[in-house]
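Only the coordinates and a few stated rules stand behind these numbers; no lab work does. This is a predicted model, so every value here is computed, not measured. Here the Cβ positions follow ideal geometry from the backbone for every residue, glycine too, while neighbour counts run over all protein chains shown.
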Amino acid sequence: MGRFSMRQFAKKAVDKELLFKAVELASKTPSVCNRQCYHAHIFSGKEQSKAVLSYQLGNRGFGDQVDSVLVVSADLSCFFSASERNKAWIDGGLFAMSLMYSLHSLGLGCCPLNWSVSPERDQALKNATGISNSHSIIMMTACGHLKDEFTVAKSKRKPGGELCTIVNNKVAFSKI
Ligand SMILES: Cc1cc2nc3c(=O)[nH]c(=O)nc-3n(C[C@H](O)[C@H](O)[C@H](O)COP(=O)(O)O)c2cc1C
């Protein structure tokens with residue numbers, strides 16, 4: 001519960017081993033039929049990170065401090081029918097969350113980054129990075145070491161009662 005989106009990072013480089021460790025921890029993420037469609041593309045170091053972030057539209061003001069970027073994607077070849085059309089987003093999203101908690105548990109800071117882009121921008125990133133066209137990009141996370149002192153945005157949350165409903169009506173058994 002101590003995680004915050006981090007938008008300030010120390011200058012210290014992140015060891016790739018730490019990033020591998022985070023992916024290893026996140027591999028415990030459940031997935032449909034345990035197919036593990038999810039994947040993290042690791043861009044390590046400031047130069048690589050800056051280049052990848054030049055395609056992303058929500059890192060203005062802090063992108064230049066980011067040491068590493070992890071682009072989470074889902075391999076669509078894991079799925080076989082139209083009824084599975086949402087699974088890449090679900091499994092990929094679950095993995096992305098696990099990855100952020102894993103990075104946090106290893107003492108790193110991270111900030112989820114949206115991939116709400118045009119098809120042209122999506123293709124441009126794939127062309128530039130070699131991410132396969134059989135993958136859907138789910139989101140990115142920026143990552144880096146924490147500074148000794150930093151500030152975070154404390155984002156207010158809705159109370160739990162507003163986020164759930166106890167369903168009391170009698171539910172009919174399925175006839176489908
Ligand atoms: C899928 C996703 C995309 C996000 N994209 C961005 C982004 O592009 N830039 C940014 O600064 N924050 C981004 N955020 C971070 C949210 O603003 C943040 O999670 C929210 O305000 C709650 O704050 P917290 O993460 O500190 O609890 C994103 C979060 C999610 C889950």
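Miscellaneous remarks
- Taking label positions 7 Å along the Cα-Cβ direction at both residue 167 and residue 42, the computed distance is 4.2 nm, reported to one decimal.
- For residue 139, distant residues with modelled amide H under 5 Å away: 72
- Between the C-alpha center of the stretch 141-176 and that of the stretch 42-119 there is a gap of 19 Å.
- Under the convention that each Lys and Arg Cβ holds +1 and each Asp and Glu Cβ holds -1, the size of the dipole of the chain around its Cα centre is about 540 debye.
- Relative contact order [Cα under 8 Å, 6+ residues apart], the stretch 16-154, whole percent: 31 percent
- Applying a threshold of 25 Å to the alpha-carbon distances of 21/158; 87/158; 11/154 flags 21/158; 87/158 as lying beyond it.
- Mean residue ellipticity, 222 nm, helices only, the chain: the sum of -39500 (n - 2.57) across DSSP H runs of n ≥ 4, divided by residue count and rounded to 500, is -8500 deg cm²/dmol.
- Tensor-based shape of the chain (alpha-carbon gyration tensor, a/c under 1.5 rounded, otherwise prolate or oblate): oblate
- For a straight C-alpha distance cut-off of 23 angstrom, the lysines reachable from residue 16 (same-chain residues fewer than eight places away being disregarded) are 28, 46, 50, 126, 147.
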